[in-house]
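Report on the following structure.
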Amino acid sequence: MNGANMDDLVDLLGRWASGRGPLYLLLAARLRALIDDGVLAQDTLLPPDRTLARRLAVGRGTVVAAYELLQQEGRVTRRQGSGTRVAPMELPATRTADGVATNPLLQHILPPPDGVRLLTCAAPDGPPAELLEAYQEAARRMASVRDLGYHPAGRAELREQLAAYYRGRGLPTTASEILVTTGAQQALTLLTGLLVSPGDTVLTESPTYPGALEVFRHAAAVVRPISLAGPAGPGEAASGADLARERPALVYAVPTASNPAGSVMAAGDRRRLARLAAEHDVPLVDDEVCAELCFSGETPPPVASYATGEQVITIGSMSKLVWGGLRIGWIRASAPLISRLARLRAVHDLGGEALSQLAATALLRRLEEIRPERVRALREGHDHLCALLREHLPSWSFEPALGGQTLWVRIPRGDVDSFSQVALRHGVAVPPGRAFDPLGGHADHMRLHFLFGREELSAAVRDLAAAWHAYDGTRRAASRHALIV
């Protein structure tokens, strides 16, 4: 329980105030980096608000706001009488504090606890036969490649294949409007790095993909929830007045087979979003990572199909349709924006790996034979999970998904942060809903995937039912919960 030495901490903070944006966001961003990198170890006692404020020559409110933001993210704990401490990592595959997840993309690559079924990672657990065949074709094609292999925007044949994919969906696209990335996560990171400055506002749905929230927070943005499809509950969908008031640098949406709810946005809402983005000149990111996983077998048009300007940006990847290990994603946007993104991408890695891009080119040509089998398996898993929950956990509530890989489930009492700890002791890791909310809400929700085989999924739900019986609806102190992808 060592405290942070004031002189050492000030040295570590360095030129934390030299960026753009409110001071509390800049301070929080630097402290976040020190915590995530392990420089500030778990359980480290941070200086009191007034003490640190005096040393940094800022108002006490700046430090308080920075600490409170880090507490919302789960990186610190603040308790009366014990000060502000770096939140501990109590379990190998978990990391939360006060019910809010952090670093949601790490869970699936960290060693899981022995004997625990991970309902936290929604991604195919192995490559399909088509992927192996695509790599064999790619290897043969590599024999005729005659270039340096550095392509920051992506290999020409893959960019053209992706352009043809969008043209086939009714969206005129050229190869110059495509940037190939190392997965959709890099696509989000590049877009945020180019379009969002510290202190800028980013609007998202709630719940939404936690990996996106983490990218926006890392950029020291102010992330606010907004309803994009309406009416939603007691409120209406986003309006021009909302955008004028918030003046966001970016709007992020997952309209097709959304993560976590598996919902599909209606055509009218897509058209309205595209119109609002054009009228207010706000970049709108349409995340289509799960777009090909609609249970109807039909993929709705991307939001950009309804756009009259160039504000709508589309991102996608092959991680959910094919396999997460195939690190191929992309951005579809205006040619000038793609050129700027390619220059930014070149600073980091000069371009993606060539063999995987050639394999992705082959896979896109076989999309019509890959998608039906994948959707069929997902639909069967979805129906099986719904039936299991109705049988074993009838007090839990959910809306059946229209696509994707996950259900958004609500418990009738208590909170999932504490229930997740009971579930972990019964051999199942579940992701609490706070990780999917920009403000840490949805404490009574969890996301469950249906990617396991029938027997393993049945066993997981039986274990969840046993955990729920043990939990018995009582509240416990919020603690560490699993991170999510």
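The values are calculated or read from the model by the stated rules, or taken from the named source; none is laboratory data. In this text, all values refer to a predicted model and were calculated from it rather than measured experimentally. Every residue, glycine as well, gets a Cβ built from its backbone with ideal geometry; the counts of neighbours run over all protein chains shown. Protein only, heavy atoms only, side chains kept; ligands, DNA and RNA dropped before computing areas. Shrake-Rupley method; radii C 1.70, N 1.55, O 1.52, S 1.80 Å.
Taking Cβ atoms as reference points and 11 Å as the exclusive limit, the residues near residue 404 contribute a net charge of +2, counting Lys and Arg as +1 and Asp and Glu as -1. If you add up the charges near residue 349, with Lys and Arg at +1 and Asp and Glu at -1, over every other residue whose beta carbon is less than 15 angstrom from its beta carbon, what do you get? Taking every Cβ under 15 Å from that of residue 349, the sum is +3.
Applied to the stretch 216-229, the Karplus parametrisation 6.51 cos²θ - 1.76 cosθ + 1.60 on θ = phi - 60° returns per-residue 3J(HN,Hα) values of 5, 5, 4, 7, 6, 8, 8, 9, 10, x, 8, 7, 9, 10 Hz, with x for Gly and Pro.
Per-residue SASA remark: residue 151, around 50 Å² accessible (1.4 Å probe; ligands, DNA and RNA not included). For residue 312, nonlocal amide neighbours, meaning residues 5 or more places apart or on other chains whose placed amide H falls under 5 Å from its own, are 284. Size of the stretch 320-432 from its Cα atoms: along the principal axes, largest to smallest, the extents are 52, 34, 28 Å.
Between the DSSP loop rule and a limit of at most 15 other Cβ atoms within 10 Å, which trypsin sites (Lys or Arg not before Pro) in the stretch 17-81 are left? Before the final figure, lay out each step's value.
Working: sites: 20, 30, 32, 50, 54, 55, 60, 75, 78, 79; in loops: 20, 75.
Passing sites in the stretch 17-81 are 20.
The residues of the chain present an accessible area of 41 Å² per residue when probed at 1.4 Å with all protein chains retained.
Charge dipole (Cα centre; +1 on Lys/Arg Cβ, -1 on Asp/Glu Cβ; no other charges) of the stretch 327-439 amounts to roughly 380 debye.
The phi torsions of the stretch 316-321, fed into the Karplus equation with coefficients 6.51, -1.76 and 1.60 and a -60° offset, translate into couplings of x, 6, 9, 5, 8, 6 Hz, rounded to whole numbers, with Gly and Pro shown as x.
Cα centroid separation, the stretch 266-306 to the stretch 1-65: 40 Å.
Using a 1.4 angstrom probe with every protein chain in place, what is the largest-first accessible-area order of 36, 415? Walk me through the numbers on the way to the answer.
Numbers: 36 50, 415 15 Å².
So the residues, ranked largest to smallest area, are 36, 415.
Tell me the carbon and sulfur percent of the accessible area for the chain, rounded to whole percent, probe radius 1.4 Å. Here carbon and sulfur together make up 52 percent of the probe-accessible area. Per residue, the convex hull spanned by the Cα atoms of the stretch 261-402 amounts to 153 cubic angstrom. By definition, a body whose alpha carbon gyration tensor gives a ≥ b ≥ c is oblate when a/c is 1.5 or more and a/b is not larger than b/c, and the stretch 300-364 fits this oblate description. The three principal axes of the Cα atoms in the stretch 268-311 give end-to-end lengths of 34, 19, 12 Å, sorted in falling order.
Computing FRET efficiency as 1/(1 + (r/R0)^6) for residue 164 and residue 18, where r is the C-beta to C-beta distance and R0 is 51 Å, gives about 0.65. Extension gain for residue 132 to residue 6 (0.36 nm times residue separation, less C-alpha to C-alpha distance): 39.9 nm.
By a 1.4 Å probe calculation restricted to protein chains, residue 125 has an accessible surface near 150 Å², given to the nearest 10. Amide H contacts of residue 206: 226, each under 5 Å away and 5 or more positions distant or on a separate chain (H built 1.01 Å from N in the peptide plane; Pro and chain starts excluded). Taking the DSSP beta bridges with both ends in the chain, the antiparallel portion is around 60 percent. Between the amide H of residue 329 and those of 181, 182, 183, distances stay under 5 Å, these residues lying 5 or more places away or on another chain, with hydrogens modeled in the peptide plane.
Under the rule of -39500 (n - 2.57) per DSSP H run of 4 or more residues, summed and divided by the residues of the chain, what mean residue ellipticity at 222 nm is obtained, to the nearest 500 deg cm²/dmol?
Numbers: 15 runs with 194 residues, N = 485.
My calculation for the chain gives -12500 deg cm²/dmol from helical runs alone.
Report the local net charge at residue 226: Lys and Arg +1, Asp and Glu -1, summed over other residues whose C-beta lies under 10 Å from its C-beta. It works out to a net charge of -2.
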